[in-house]
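One structure is given below, encoded as structure tokens.
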Amino acid sequence: MNVKSYVVVAVAAALAGCGQTAQKETAPSASAYTLTQADVKVVETGVRSSLKDLASAKLDRMKATRRPDGVINVCGYVGAFPFMGVLTVSPKSSFAVTGVGSDEGKAALTMNFCRKAGIEI
């Protein structure tokens, strides 16, 4: 093989890798998930346990989506800050906070995650 052939193969391999990366970044399709009263209590408990000041933890505008693999993403606001997390409903309900937008940069990341999960808050 000559040098030109190596270059063509290298470029083709690089482009193939880019296509795979783009596919990995695309979130699986999710459908709207209606939070039950029990779900809301689990989310509230999970968010409050991650905060320093429990008294000021007023949660608002919670929305959720369920991915085809069963993962339930939840986004909302705690006070003026957006939050995101994952709700597990079986075998035991729990909520893990994955981010709180407590400053401008974190808020942008949180909102971006929510949009990718199919949630506009």
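The values are calculated or read from the model by the stated rules, or taken from the named source; none is laboratory data. Source: prediction; values computed, not measured. Backbone-built Cβ (ideal geometry, glycine too); neighbour counts: all protein chains shown.
If you go through the range 58-82 and keep only what is of a type in the set (Gly, Ala, Ser) and either under 16 Å from the mean Cα position of the chain (by Cα) or outside any loop (DSSP other than H, G, I, E, B) (or both), you end up with Ala64, Gly70, Gly76.
Criterion first (touching a residue at least 60 places away in the same chain (Cβ under 8 Å) and surrounded by fewer than 16 Cβ atoms within 10 Å (Cβ to Cβ)) does Lys41 satisfy it? So Lys41 does not fit the description; no. Could you grab the pairs with beta carbons closer than 6 Å, sequence gap of 6+ or different chains, first residue in the range 68-87 and farther than 15 Å from Asn112 by Cβ and exposed (fewer than 14 other Cβ atoms within 10 Å of the Cβ), second one small (Gly, Ala, Ser) and modelled with pLDDT under 95? Short answer, once both residue conditions are applied: none. Taking the listed residues Ala27, Ala55, the one that is over 17 Å from the mean Cα position of the chain (by Cα) and either modelled with pLDDT under 95 or part of a helix (DSSP H, G or I) (or both) is Ala55, with no other qualifying.
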